[in-house]
Amino acid sequence: IPCLVESLLQVDFLLILRPPVESVISLCKAEQISCRHALHLWIGSVLRSEYLSRSYSRKIFTYQQLLESPDSILECCSLLWGKTFVESNLLEAKSFLRPSLYRTKSNSVKDSFLEVNPDLADLLAFADYIYGVFLGSSDDLDRALDQSRSRWIELLAAN
C-alpha cells in the first residue's frame, strides 16, 4: 500500500469474483476452516480489494465470465494495458483455464450448504447481495459498496 500511495509503481487491478458459496466451499475444503470464517474472509477480501483498487485502473469480472469467454477478458486486459498479445501468449493464457475443474457451482450447492449451515443464511444473503452489486449495472457502484462496507462493519460489531 505505501508503494501505491507514493506512486512508485504503475498498478492495474484485475478483480475476479466468484459467487460466495462457491468460494466458501472451496476454501473450507482447501484450508479446513469453518464455513463462517470462510464467508467472513470472502466478504472482507472482496470489499477491501474493491476499496483499495477504486482509484486505480482496474477491470472487474467474474470467474464464470473468464471461463466462458477468455478471449473477451484478454481483450479487456489488452486494452487496459495498451498492449497487444501475440497469438502464442493468448494460447498459453487460455490453456491455463480449465473449465472442467469448475465443479463447485452455486446453483448446485447453495441449497445443501444452507441445509448444513442454516445459521449462515443471513450472512450468505449479504455476501450474495455484494456479489450482485458487482454483476448489476449500478450507476453508482462506489456508493452501493460503501453502504455494504458500512453494513459489514455493523455486522462485525454486533458479533
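Quick one: which residues, 5 or more positions from THR62 or on another chain, have an amide H under 5 Å from its amide H? H modelled 1.01 Å from N in the peptide plane, none for Pro or chain starts.
Under 5 Å from the amide H of THR62: LEU17.
Read through the labelled values [x] 29, 22, 14; [y] 31, 18, 13; [z] 21, 20, 15 and report the label of the one computed as semi-axes √(5λ) of the Cα gyration tensor in Å from the structure.
Structure-derived value, by its label: [x].
Just to confirm a number: summing +1 for Lys and Arg and -1 for Asp and Glu over residues other than LEU145 whose beta-carbon lies under 14 angstrom from that of LEU145, what do you get?
Overall, the nearby charge balance is +1.
Roughly speaking, to the nearest percent, how much of the range 40-99's 1.4 Å accessible area is carbon and sulfur?
Working: 2140 of 3810 Å².
Result for the range 40-99: 56 percent of the exposed heavy-atom area is carbon or sulfur.
State, as an integer percentage, the relative contact order of the chain based on alpha-carbon contacts under 8 Å between residues 6 or more apart.
About 29 percent, as a whole number.
Stokes-Einstein D for the range 41-102 at 25 °C, 0.890 mPa s, Kirkwood Rh over Cα pairs, in µm²/s?
184
Within the range 112-152, list the residues whose amide N lies under 16 Å from a label point set 7 Å along Cα→Cβ of GLN32.
In the range 112-152, the label zone of GLN32 (backbone N under 16 Å from the point 7 Å along Cα→Cβ) covers no residue.
Going 7 Å from the Cα of TYR51 toward and past its Cβ, which residues in the range 119-136 have a backbone nitrogen under 20 Å from where you end up?
Residues 123-135 fall inside that zone.
Can you give the FRET efficiency to the nearest 0.05 for ASP12 and GLU115, using r as the Cβ-Cβ distance and R₀ = 41 Å?
Taking R0 as 41 Å, the efficiency between ASP12 and GLU115 is 0.50.
How large is the accessible surface per residue of the chain, computed with a 1.4 Å probe and reported in Å² as a whole number?
64
Restricting to lysine pairs 8 or more places apart or on different chains, what number in the chain have Cα atoms under 19 Å apart? Each step should come with its number before you reach the end.
Numbers: LYS29/LYS105; LYS29/LYS110; LYS59/LYS83; LYS59/LYS94; LYS83/LYS94.
Pairs that pass both the separation and distance tests number 5.
Name the longest site-free stretch of the chain, where the excluded sites are trypsin sites (Lys or Arg not before Pro) in a DSSP loop with no more than 11 other beta-carbon atoms within 10 Å. The partial results should precede the final answer.
Working: sites that count: LYS83, ARG103.
No qualifying site falls inside 1-82, the longest such stretch.
The values are calculated or read from the model by the stated rules, or taken from the named source; none is laboratory data. Note that the structure is predicted; figures quoted are calculated from it, not measured. All Cβ positions, glycine included, derive from the backbone under ideal geometry; neighbour counts span all protein chains shown. These area figures cover heavy atoms from the full protein model, side chains too; ligands, DNA and RNA do not enter into them. Shrake-Rupley method; radii C 1.70, N 1.55, O 1.52, S 1.80 Å.
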